[in-house]
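J.: Structure provided below as C-alpha cells; questions to follow.
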Amino acid sequence: MSELPKNYEAAGVEAKWYAKWLEEKAFNAQPDPKKEPWTIVIPPPNVTGILHMGHALNNTIQDVLIRWQRMQGKNALWVPGTDHAGIATQNVVERKLAKEGKSRHDLSRDEFLKEVWAWKEEYGSTIVNQLKKLGSSCDWDRERFTMDEGLSKAVHEVFCRLYDKGLIYRGNRIINWCSRCTTALSDEESEHVETEGALYYIRYAVKDEKRKITVATTRPETMLGDVAVAVSPRDKRYADLVGKTLILPILGREIPVVADEFVDPNFGTGCVKVTPAHDPNDFEIGLRHKLEPINVMTDHGIMNEAAGTYAGMDRFECRKQLIEDLKHGGLIEKIDKHMHSVGHCYRCSTVVEPRLSPQWFVNMKPLAKPAIEAVRDGRIKFVPERWTKVYLDWMENIRDWCISRQIWWGHRIPVFYCDACSHQWAAREVPGSCPVCGVKDIRQDEDVLDTWFSSWLWPFSVFGWPEQTADLKHFYPTNTIATAPEILFFWVARMIMAGLEFMDEIPFDTVYFHGTVRDDQGRKMSKSLGNSIDPLGIIEKYSADALRFSLMMLTATGQDVYVNDEKFELGRNFCTKIWNAARFMQMNASCEGPLDPEKIDFSKMTLSPDDQHILAKLSEAVRNTEDNLARHRFNDAALAMYDFMWHHYCDWYVEYSKGVFRGGDMQRKMEVEQVMHYVFSNAIRLLHPFIPFITEELWHGMGYNISSDSIQTAPWPKALSYEDLNVWGVQRETVDYVDAKHDLIRVGRTLRTDYNLTPKQQAKFYIRPAQERTGKILHKDVASVALLLGAESIEIDRDFTPDGTMPSGISQLGTVYMSIEGLVNTAAEIAKLKKQIEVVENGITGISKKLSNANFVSRAPADVVAGEEKRKGELLEKREKLQKLIETLST
RNA sequence: GGGCGUUUAGCUCAGUUGGUUAGAGCGCUACCUUCACACGGUAGAAGUCACAGGUUCGAGUCCUGUAACGCCCACCA
C-alpha cells in the first residue's frame with residue numbers, strides 16, 4: 001500500500017495499466033475445455049475509420065460485458081479486427097493519388113493495390129490504437145483483417161459453395177449505380193433521401209396524327225432512352241392509341257404505345273414513358289413487351305452517343321438543357337414541384353442512377369428461411385425486442401443481393417472464364433488452366449465483392465473457418481453481438497444467414513442494439529455538420545473511465561444518447577469521489593500492513609448497526625448491478641453502483657466512520673476499517689468493468705493485490721442474501737433501523753437549516769422515541785446520531801415534554817425537538833407544521849376514499865388493502881402528533 | 001404509402017408484472033472553504049406525466065384515437 005496522491009492523474013495511470021495488461025496478456029484467451037467460453041466478435045471498424053462517439057459507446061458496451069464475464073471466471077474472448085471497407089478505402093487512396101495529380105487508371109491494378117496496402121500498413125492501425133485508449137480488453141493477438149489470407153480463404157470457399165449450389169448467379173438487371181465511385185451498389189447501400197424535385201410533363205406526338213399525348217417524368221434526361229410509352233389496359237382515354245406509334249421528341253425515334261398493367265391510370269397523365277435501361281419497372285415492362293433497352297449514360301453519369309447531341313454532357317446538365325430545348329419546341333406542358341425519395345450513394349452521397357448492368361447476385365430466399373426461424377423460435381434474441389419485427393419484415397421480403405463492385409480494392413470475384421471453350425467456373429484457388437479444354441489462357445472476373453461479403457462470415461472466419469480449428473470448436477457460436485441498428489440488414493441479418501448456412505449453427509445468441517449518439521440538439525454527429533465530439537478529446541480532458549462511465553449512465557436500453565462536453569463531468573466527478581473515499585481510508589488507517597480483502601471475516605466481530613447496514617446495501621448493489629447487466633440495462637447498472645458508492649458508502653458510512661475514528665475505541669476502529677476495506681474492495685470490483693483503470697489503480701494503491709495481483713482476476717463480488725449475512729450477525733431488522741435512523745437525522749438537519757443554524761452552531765436535540773424498544777436502541781447509538789446531526793447533545797426520553805417554542809419534526813423513529821438559546825419563532829413553526837398537516841391530510845383523504853369504496857375493499861388484493869389500512873393508521877397518528885405540537889406552541 | 005420510436009421538473013432522461021406522497025443527473029435557491037472530496041457537503045424550490053376518450057376498485061404504466069418531433073422501410077412514373 002502506497003500513499004495515494006491528492007489528485008488522480010488519469011492519463012498516466014491509464015497508459016501504465018493498459019501497457020501492463022498487454023504485457024501480461026491479460027485479455028488473451030485460449031480454448032480450454034474446463035472453462036465455459038464467452039465470446040464477442042467486434043463489429044470490425046473500417047480501416048479508414050477514426051474513433052467517434054458511436055465507436056466509443058459500442059466498444060464500451062462490449063468491454064463492460066466481456067470484463068464482467070471474465071471476472072466471473074468465464075473463458076472470455078473478445079476478438080478484434082478491422083474491415084477493408086472496399087469503396088471507402090479505395091476512395092481515400094484515390095483522393096490521395098488525386099493530390100499527386102494521378103488517377104488509379106494511371107496505375108495498373110496491381111500497382112494501385114500496392115498503394116492501398118501501403119496506405120493500410122501506415123494508417124490502418126489508427127482506430128485500433130484508439131480502441132486501446134478506451135481500455136478495450138480485446139485479445140489483440142487475434143486481431144483480424146477482412147482481407148487477411150485466412151479470411152480471404154473463407155470468402156472464396158463461401159463463394160464457391162454458393163456458386164456450385166446455384167445460389168450465386170450473374171444477371172443483367174437494374175442495379176443502383178454510383179457514377180462517382182463507378183460501381184454498382186446493393187439496395188442497402190443506396191440511401192433514400194426525401195428530395196424536392198420536379199415532375200416534368202412532356203408532350204409526345206402521335207405519328208401521322210395531330211394528337212399529342214403527355215407523359216410525366218422526374219428524370220427527363222432518361223427519355224433519350226425511351227423505347228415505348230405505356231398506358232393502362234383499362235384506361236379508356238388511351239384505348240385507341242395502343243399499338244400506334246409515337247415520335248420521341250428531340251431524337252425523333254419512333255416508339256410504340258403499349259398497354260401494361262403496371263400503369264396506374266390515376267397517377268400523372270396515365271401515360272408512362274418506358275426506359276428499360278434506367279428504371280426497374282420499365283425494365284420489367286420492356287421484358288413483357290420485348291423492347292430492346294437503350295442505355296444513354298456512361299459509367300461516369302455522362303450522356304453517351306445514344307443521347308445524340310447531348311452526348312458528353314453530365315446527366316444533370318443534360319436534364320437542364322433538354323428541358324430548355326423542349327420548352328422551345330413547345331413540348332413542355334407544365335412542371336410541377338414533386339417530393340420524392342432519391343437514392344444516394346452511402347459512401348459519397350452522389351445521386352444513385354438506376355441502371356441496367358450485368359452484375360453478380362446472391363439468391364437470398366433460401367438462406368433467409370432458416371435465419372427467420374432462428375429468430376422466430378428464440379434461439380437468437382434481439383434487445384430491445386422491437387427490432388425482431390423489423391428483421392422479420394425485411395427477411396420475409398428479402399431481395400437478391402448484388403455482390404459485385406466495379407472497384408479494385410476487395411476480394412476479387414473467384415470466377416474464371418475460358419474464351420477458348422466458353423467455360424465459366426468458380427475456383428477456390430487461381431487455376432492454371434481451363435479444366436474443360438486445358439487451355440492456359442484463362443481470365444478472372446474483373447470485379448470485386450461487396451465488403452459485406454467478407455464481414456457476414458466474421459463470427460466464424462475469425463476462428464480459421466473453413467478449417468475445423470480448436471478455436472472454432474471452443475468459441476463458436478459467440479454470445480452477444482453489440483451494434484447499431486443501422487447495420488441490422490447490412491450485417492446482422494447476413495451474419496445469421498451465413499452462420500446457419502455454413503456452420504449450421506447460429507452465430508450468436510443475443511443481438512444488443514444500442515442507440516445513436518447525437519449532439520445535445522438531437523442531431524446525428526457528423527463530420528459535415530462539425531458537431532462531433534471527439535472521444536479522444538474527452539479522454540484527454542476527463543479520462544477514459546469518465547467517458548465510459550458517463551456513456552453507460554446515459555445509455556437507456558436502445559435509446560439514442562445525447563451528449564455534450566459537460567455530460568462527461570458526471571463520470572469524472574464520480575471517479576474523483578471514489579478516489580477521495582480511498583484517500584480517506586488511507587488517512588485513517590490504523591492496521592499495520594496491507595489487508596487482503598479476500599480474507600476479511602466478520603463472524604467473530606460484533607457489527608454495529610451501521611456496519612450491518614452498509615454490508616446489506618453492498619449486497620443489494622451487487623444484485624442490482626448483476627440483474628441490470630444481465631438484461632443489458634447498462635444505465636441502471638451504472639446507476640446502482642453510483643448510488644451505492646456515493647449515497648450509501650460516502651454519504652453515510654464514511655460519515656459514520658468519522659465518529660469511530662475520532663473516538664478512542666481501538667477495537668471498533670479496527671472493525672470499521674475492515675468493514676470499509678471489505679465494502680470498498682468489493683465495490684471497485686463491481687465497478688471494474690465500467691471504469692477499469694481507476695479501479696485497477698486503487699486495487700494496487702490500497703494494497704488489495706495480495707491474493708489477486710490484478711483486480712481483473714479477483715473474485716467477482718457476491719450478492720449475499722440475509723441468510724448469508726446472518727453468519728456475520730447482520731439482521732434485517734437492524735438494517736431497517738439504520739434506514740429509519742437516517743431519516744431521523746434528516747429531520748433533525750432540516751430543523752437546523754430551517755432555523756438558519758450554521759454548522760458551527762451546535763444545538764441541543766431531544767428525541768421522543770415512538771416506541772420503548774427504539775428508545776433503547778437509540779440510546780446505544782446516540783453518539784453516531786449526534787455526530788451526523790451536528791448536535792451538541794442529545795437526550796432521548798419517552799416522556800419528554802417540550803418547551804412550547806421548540807421547533808420539531810416527526811420521523812418514523814420518533815419526534816425530534818431542537819433547542820437553542822434564544823430561539824423563538826412560534827409563528828413560523830406553526831405555519832410549517834400546518835403545511836405538513838395539509839400534506840398528511842391529503843394522504844388521509846385519498847386513502848379514506850379508497851377504503852370507503854366497497855369495490856376497492858372487495859376487489860383489490862388483500863395485501864394491498866391491508867397496506868392502505870396500515871398507511872392510514874400511520875398518517876392518522878402523524879396528524880395527531882402534528883396537531884399536538886401546534887397546540888403546545890399556541891398555548 | 002407502410003412500420004417503429006419519443007413526448008414525465010428549466011435541460012437530458014429513468015420509471016420493470018397497473019398499487020404508498022412520480023425519481024436521478026445537470027441547472028437553480030440558501031447556507032457551509034469543517035479534518036477524503038468545492039469535481040465537495042447539507043437543506044430546499046421545482047412536474048396538468050403531450051392531448052382526448054376508454055378499461056379498472058385503482059392508470060405515468062393497459063386499450064383506442066389525435067398531435068408534434070425523430071428514425072427505418074418502400075419500383076407509382
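The values are calculated or read from the model by the stated rules, or taken from the named source; none is laboratory data. As the structure is a prediction and not an experimental result, all values here were calculated from the model. Reconstructed Cβ throughout: ideal geometry from the backbone, glycine too, with neighbour counts over all protein chains shown. Please note that ligands, DNA and RNA were not included when accessible areas were found on the heavy atoms of the full protein model with its side chains. Shrake-Rupley method; radii C 1.70, N 1.55, O 1.52, S 1.80 Å.
J.: Largest first, how would A:Arg144, A:Arg67, A:Arg237 line up by accessible area (1.4 Å probe)?
T.: On the way: A:Arg144 60, A:Arg67 5, A:Arg237 130 Å².
Output order, biggest surface exposure first: A:Arg237, A:Arg144, A:Arg67.
J.: Between A:Gln424 and A:Val864, what is 0.36 nm times their sequence separation minus the Cα-Cα distance? Round to one decimal in nm. If you can, show how the numbers build up before the last one.
T.: On the way: separation 440, 0.36 × 440 = 158.40 nm, distance 7.67 nm.
Between A:Gln424 and A:Val864, full extension yields an extra 150.7 nm.
J.: Using only Cα atoms, locate the centre of segment A:650-723 and the centre of segment A:544-615, then give the distance between them in Å, rounded to an integer.
T.: When both Cα centres are located, 9 Å separates them.
J.: Determine the per residue accessible area of segment A:719-817 with all protein chains present and a 1.4 angstrom probe, expressed in square angstrom.
T.: Ligands and nucleic acids excluded, the figure is 51 Å² per residue.
J.: Further, regarding this structure: Which of the trypsin sites (Lys or Arg not before Pro) across segment A:757-788 are loop residues per DSSP, with 13 or fewer other Cβ within 10 Å?
T.: Passing sites in segment A:757-788 are A:Lys760.
J.: In debye to the nearest 20, how big a dipole does segment A:697-823 give about its Cα centre with +1 on each Lys and Arg Cβ and -1 on each Asp and Glu Cβ? Walk me through the intermediate numbers first.
T.: Numbers: 13 positive and 17 negative charges, 33 e Å.
Magnitude of the dipole: close to 160 debye.
J.: Hey, got the Cα dimensions of segment A:425-528 along the principal axes, in Å, largest first?
T.: 66, 41, 18
J.: Using only protein heavy atoms and a 1.4 Å probe, report how much of A:Phe765 is accessible, in Å² to the nearest 10.
T.: A:Phe765 exposes around 0 Å² with every protein chain in place.
J.: Related question: When Rg is the radius of gyration of the Cα atoms in segment A:328-450 and Rh is its Kirkwood radius, what does Rg/Rh come to?
T.: 1.15
J.: Using the alpha-carbon centroid of each, what span in Å lies between segment A:195-215 and segment A:9-88?
T.: Cα centroid to Cα centroid, the span is 61 Å.
J.: Right, something else. I need the Debye-formula profile for segment A:417-467: one equal scatterer per C-alpha, no solvent, reported as log10 I(q)/I(0) at q = 0.24 1/Å, two decimals.
T.: Taking Cα atoms of segment A:417-467 as identical point scatterers yields -0.87.
J.: Taking 7 Å along the Cα-to-C-beta vector as the label spot, tell me the A:Gln883-A:Asp799 distance in nanometres, rounded to one decimal.
T.: Here the answer is 2.6 nm between the modelled labels.
J.: A further question follows. Within segment A:307-390, list the GluC sites (Glu not before Pro) lying in a DSSP loop whose Cβ has at most 11 other Cβ atoms in a 10 Å radius. Before the final figure, lay out the partial values.
T.: Numbers: sites: A:Glu317, A:Glu324, A:Glu333, A:Glu373, A:Glu385; in loops: A:Glu385.
Sites meeting the loop and neighbour criteria: A:Glu385.
J.: What accessible surface, in Å², does a 1.4 Å probe find on A:Asp754, ignoring ligands, DNA and RNA and rounding to the nearest 10?
T.: Near enough 70 Å² of accessible area.
J.: A:Asp63: net charge of surrounding residues, Cβ under 13 Å, Lys/Arg +1, Asp/Glu -1, itself excluded?
T.: Surrounding charge for A:Asp63 is +3.
J.: Which value in deg cm²/dmol, rounded to the nearest 500, describes the helix-derived mean residue ellipticity at 222 nm for chain A, given -39,500 (n - 2.57) per DSSP H run of n ≥ 4 and division by the residue count?
T.: The per-residue figure over chain A is -13000 deg cm²/dmol.
J.: If I histogram all Cα-Cα distances within chain A using bins 20 Å wide from 0, what percent of pairs lands in each bin?
T.: Reading upward from the zero bin: 12, 32, 28, 18, 10, 1.
J.: For A:Val193, what accessible area in Å² do you get when you roll a 1.4 Å probe over the heavy atoms of the protein chains, rounding to the nearest 10?
T.: Only protein atoms counted, so the area is about 60 Å².
J.: Could you pull out the pairs from A:Lys74/A:Lys524; A:Lys669/A:Lys878; A:Lys599/A:Lys780; A:Lys760/A:Lys832; A:Lys114/A:Lys381 whose alpha carbons sit more than 32 Å apart here?
T.: A:Lys74/A:Lys524; A:Lys669/A:Lys878; A:Lys114/A:Lys381
J.: Could you put A:Arg583, A:Arg180 in order of accessible surface area, largest first, with the 1.4 Å probe and the full protein assembly present?
T.: A:Arg180, A:Arg583
J.: Skipping prolines and chain starts, which residues have an amide H placed within reach, meaning under 5 Å, of the one on A:Tyr204, given they are 5 or more residues away or on another chain?
T.: Residues meeting the amide H criterion: A:Ile213, A:Thr214, A:Val215.
J.: Of the GluC sites (Glu not before Pro) in segment A:46-147, which ones lie in a loop per DSSP and count no more than 10 other C-beta atoms within 10 Å?
T.: Those that pass, being in a loop and sparsely packed, are A:Glu100.
J.: OK, next. Tally Lys and Arg at +1 and Asp and Glu at -1 over the other residues with C-beta under 12 Å from the C-beta of A:Val242: what net charge comes out? Present the calculation step by step, with values, prior to reporting the outcome.
T.: Working: positive: A:Arg234, A:Lys236, A:Arg237, A:Lys244; negative: A:Asp235, A:Asp240, A:Asp260.
The answer is +1.
J.: Set the Förster distance to 41 Å, then compute FRET efficiency between A:Arg749 and A:Lys25 from the Cβ-Cβ distance, nearest 0.05. Don't skip to the answer; put the middle values down first.
T.: On the way: r = 52 Å, r/R0 = 1.27.
Calculated transfer efficiency: 0.20.
J.: What size of dipole, in debye to the nearest 20, comes out for chain A about its Cα centre when the only charges are +1 on Lys and Arg C-beta atoms and -1 on Asp and Glu C-beta atoms?
T.: 1400
J.: I've got another one for you. Once you put a point 7 Å from the Cα of A:Asp141 and another 7 Å from the Cα of A:Glu540, both along the Cβ direction, what distance in nm separates them?
T.: If labels sit at A:Asp141 and A:Glu540, their model points lie 3.4 nm apart.
J.: Mind checking the full-extension length gain between A:Gln559 and A:Val206? Use 0.36 nm per residue of separation minus the Cα-Cα distance, one decimal, nm.
T.: Length gained, A:Gln559 through A:Val206: 121.3 nm.
J.: Roughly what % antiparallel, to the nearest 5, for the DSSP beta bridges in chain A?
T.: 75
J.: Go through A:His328, A:His648, A:His514 and list them by solvent-accessible area, largest first, probe radius 1.4 Å.
T.: Numbers: A:His328 160, A:His648 45, A:His514 10 Å².
Order by accessible area, largest first: A:His328, A:His648, A:His514.
J.: What is the spin-label model distance, in nm, from A:His289 to A:Ala15 if the labels are put 7 Å beyond Cα along the C-beta direction?
T.: 7.2
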